[in-house]
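Structure first, commentary second.
A short reminder: the numbers here are calculations on the coordinates, not readings from a lab. Computed from a predicted structure; not experimentally measured. Using ideal geometry, Cβ is built from the backbone for each residue, glycine included, and neighbour counts are taken over all protein chains shown.
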Amino acid sequence: MYDVNEIRKDFPILSRTVNNKQLVYLDNGSSAQKPNAVIDAITKAYSEEYSNVHRGLHTLSNISTDNYEAVRGKIQNFLGAEYPEEIIFNSGATEGINMISYAWASPNLQAGDEIILSIMEHHANIIPWHFLRERQGIIIKWIETDADGALDAQAVIDAITTKTKLIAITQMSNVLGTVVDVKAICTEARKKGVAVLVDGSQSSVHMPINVSDMGCDFFVITGHKLYGPSSSGAIYIRKDRQDEMQHFMGGGDMIKIVERDFVSYNVSPFKFEAGTPGIVQMIGLGAAIDYMQSVGLKNIADHETNLRNYAVEKLSNLNWLKVYGNTSTKGAIFSFTLEGAGHPHDISTIIDQRGIAVRAGHHCAQPLMKHLGVSSTARASLAMYNTTEEIDKLVDALSFCYEILS
């Protein structure tokens with residue numbers, strides 16, 4: 001049985017107060033809080049076991065290497081990848097997407113080739129493709145959502161032409177909560193020889209993932225949203241796509257032999273992981289994945305579905321609240337404005353006085369904001385440790401906020 005109160009005990013920050021009120025943390029879409037299991041793993045790695053990884057051959061280096069490399073298998077299992085070498089460690093989704101832009105797309109695409117994006121993409125899944133547009137003449141094609149925030153997978157598929165080389169798309173919008181049928185997109189794209197990059201920054205936290213079943217070529221995750229440390233993450237790169245990539249960064253670990261006029265390179269995944277990595281960050285991410293799996297990924301998804309349904313019901317009673325994204329299968333993410341009353345920054349500031357943390361701004365999704373006809377929204381994003389009581393507190397705080405601002 002899912003006991004959210006027991007789970008909350010594992011997250012020490014949730015017991016603190018903010019402005020003399022019990023913290024209600026609803027900014028999980030930006031970064032999730034960390035359980036004791038992660039904090040303890042980080043502390044142990046630094047205080048008892050720290051050394052650089054690979055090639056040390058002394059006790060501490062061997063321990064660090066074993067703990068660090070064990071995370072690769074954990075992420076492989078977490079994502080349902082076929083081979084451990086398909087998991088490349090990095091600092092998060094932003095680095096992963098930039099890697100694909102630089103190391104795969106740049107050498108394989110030419111002027112006039114097309115990349116398809118949805119209007120919901122985070123800037124991290126927009127800017128690297130603009131680099132290619134500016135430098136190589138790549139064409140970016142945009143697929144828009146409908147009035148409810150749904151994205152039609154068939155519209156993405158129908159946009160594919162003989163010039164299309166890549167579809168880069170989120171599985172769950174960080175603004176609307178919209179869930180995209182990426183499996184359908186991947187299935188049809190593969191038939192047409194088009195690669196698919198899936199941004200799993202939001203979806204991997206809220207639902208079980210299986211990249212082998214999905215059929216994508218690239219899938220990025222970011223650790224700080226997965227209850228793990230910042231500057232941790234990974235990208236799944238299908239084995240045959242790795243053969244099409246040039247090297248991303250040069251330095252230690254990605255080489256075999258270096259001479260004055262010759263270099264030979266390491267095998268995957270190491271040839272894509274240059275330099276001293278985020279050793280402790282990745283160990284912390286491994287602990288976060290262990291923690292999520294001990295709770296149960298389906299249990300977490302079911303709890304968040306219940307929270308979403310409860311929040312939809314409660315927020316729908318506020319006739320002055322405009323919620324963006326209303327699909328029935330959306331994740332537990334709610335972006336909103338108060339109609340005719342104040343700026344989202346005002347909302348965030350006022351309800352913070354009641355201990356409630358939400359985010360306000362464009363959420364690194366300015367094309368979507370323009371599509372929605374707003375400059376910014378406030379956003380409440382829920383996680384495995386949130387409760388219906390916290391949603392009630394949010395509703396009360398928004399009502400108070402509306403009275404002040406209207």
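Close amide H contacts of ILE143 (hydrogens built in the peptide plane, cut-off under 5 Å, sequence separation of 5 or more or a different chain): LEU117, SER118, ILE119.
Distance between the C-alpha centres of the stretch 269-299 and the stretch 325-359: 31 Å, rounded to the whole angstrom.
Loop sites by DSSP among the GluC sites (Glu not before Pro) of the chain, restricted to those with at most 16 other Cβ atoms within 10 angstrom, leave 145-243 as the longest stretch without any of them.
Each of ILE391, ILE127 has some number of other Cβ atoms within 10 Å of its Cβ, and from fewest to most they run ILE127, ILE391.
Can you give me the relative contact order of the chain as a percent, contacts being Cα pairs under 8 Å and 6 or more apart? 23 percent. For the stretch 1-130, the dipole from Cβ point charges (+1 on Lys and Arg, -1 on Asp and Glu) about the Cα centre works out to 580 debye, to the nearest 20. With 0.36 nm allotted per residue and the present C-alpha distance subtracted, the ILE255-ALA155 stretch has 31.7 nm of extension available. In the chain, the longest principal axis of the Cα atoms and the axis of helix 182-191 are about 30 degrees apart. Annotation: amide H of ASP27 within the under-5 Å range of SER381, sequence separation 5 or more or interchain, hydrogens built in the peptide plane.
Put the Cα centre of the stretch 147-220 next to the Cα centre of the stretch 1-76 and the gap is 30 Å. This model, with +1 at the C-beta of Lys and Arg and -1 at the C-beta of Asp and Glu, gives the stretch 49-293 a dipole about its Cα centre of some 360 debye. Beta-bridge orientation, the chain: approximately 55 percent antiparallel, per DSSP, counting only bridges with both partners inside. Toward the positive end of the charge dipole of the chain, with +1 on the Cβ of Lys and Arg and -1 on the Cβ of Asp and Glu, the farthest Cα among ILE356, TRP129, HIS58 is that of TRP129. In terms of other Cβ atoms within 10 Å, ARG354, ARG16 run from fewest to most in the order ARG16, ARG354. Charged side chains reduced to their Cβ positions (Lys and Arg at +1, Asp and Glu at -1) give the stretch 260-396 a dipole of some 380 debye around its Cα centre. Per-residue Karplus couplings for the stretch 389-406, computed as 6.51 cos²θ - 1.76 cosθ + 1.60 with θ equal to phi - 60°, are listed in order as 4, 5, 5, 4, 5, 4, 4, 4, 5, 5, 5, 4, 4, 5, 4, 6, 8, 8 Hz, Gly and Pro entered as x.
Neighbours of ILE119, meaning other residues whose beta-carbon lies under 13 angstrom from its beta-carbon, give a summed charge of -2 when Lys and Arg score +1 and Asp and Glu score -1. At full extension, ASP346 and THR329 could sit 3.2 nm farther apart than now, given 0.36 nm per residue minus the alpha carbon distance.
Computed 3J(HN,Hα) for the stretch 352-361, one whole-Hz value per residue from the Karplus formula 6.51 cos²θ - 1.76 cosθ + 1.60 where θ = phi - 60°, is 4, 5, 9, x, 9, 9, 10, 9, 9, x, glycine and proline marked x. Helix 59-79 versus the longest principal axis of the chain: what angle, 0 to 90°, nearest 10, using Cα atoms? Value to nearest ten degrees: 60.
Taking θ as phi - 60° and the Karplus parameters 6.51, -1.76 and 1.60, the scalar couplings of the stretch 375-385 work out to 8, 6, 9, 8, 9, 10, 10, 9, 9, 4, 9 Hz in sequence order, x denoting glycine and proline.
Sparse packing (at most 15 other Cβ atoms within 10 Å of the Cβ) combined with a DSSP loop state is found for none of the chymotrypsin sites (Phe, Trp or Tyr not before Pro) in the stretch 99-186.
Other residues lying with their Cβ under 14 Å from the Cβ of LYS271 contribute a combined charge of -3, Lys and Arg counting +1, Asp and Glu -1. Beta-bridge orientation, the stretch 122-266: approximately 55 percent antiparallel, per DSSP, counting only bridges with both partners inside.
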